[in-house]
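S.K.: Mind looking over this structure? Questions follow.
The values are calculated or read from the model by the stated rules, or taken from the named source; none is laboratory data. Note that the coordinates shown come from a computational prediction; the quantities given were computed from them, not determined experimentally. Glycine also receives a Cβ, built like all others from the backbone with ideal geometry; neighbour counts cover every protein chain displayed. Surface areas here come from the heavy atoms of the whole protein model, side chains and all, with no ligands, DNA or RNA. Shrake-Rupley method; radii C 1.70, N 1.55, O 1.52, S 1.80 Å.
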Amino acid sequence: MSFSTISADVNPIISEYEQLSLEYDKQYLAGNSVKAMSIALEQLNMDPSDSVAFMRLALSVKESCDQVHPYFNQFGSSDEFKSVTSLAKLVIKKECKISLK
């Protein structure tokens, strides 16, 4: 699914995704990393290949390392946003001192 090619007015999923993004920003800036992480997970459940949502997860994982499981390797894109996915994994690896392949 390409979020950039479909109008939010036409697709309620895109509208929901955009609202979640705004809420993530609000929670992340307020220092509510646990809530921010749950929002990122919700976006990843909508689209597991979403590298931006995976980066959101990585940025908010600091206080929730106990919730990071190896299945998170399935998140993020291996195509056009491969570098974002790689960066997100690096952040998680650093913050949680775990190895993600």
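S.K.: Which pairs do you get when a residue that is farther than 15 Å from residue 92 by Cα, found in region 28-40, comes within reach of a residue that is hydroxyl-bearing (Ser, Thr, Tyr) and surrounded by 16 or more Cβ atoms within 10 Å (Cβ to Cβ), reach meaning Cβ atoms under 8 angstrom, with the pair 6+ apart or on two chains?
M.R.: 28/60; 39/24
S.K.: Starting from region 52-63, take each residue that is over 9 Å from residue 88 (Cα atoms) and open to solvent by less than 40 Å² (accessible area, probe 1.4 Å) and list its partners that are part of a helix (DSSP H, G or I) and of a type in the set (Asp, Glu), counting only C-beta distances under 7 angstrom and pairs at least six apart or across chains.
M.R.: Pairs found: 61/95.
S.K.: Is it the case, given these coordinates, that residue 22 is within 9 Å of the chain's Cα centre (by Cα) and open to solvent by 30 Å² or more (accessible area, probe 1.4 Å)? Quick ask: steps written out before the conclusion?
M.R.: Details: within 9 Å of the chain's Cα centre (by Cα): no; open to solvent by 30 Å² or more (accessible area, probe 1.4 Å): yes.
No, not satisfied.
S.K.: Just to be sure before I move on: is residue 36 among the hydrophobic types (A, V, I, L, M, F, W, C) and modelled with pLDDT of 90 or more in the structure I sent?
M.R.: Numbers: among the hydrophobic types (A, V, I, L, M, F, W, C): yes; modelled with pLDDT of 90 or more: yes.
The answer is yes for residue 36.
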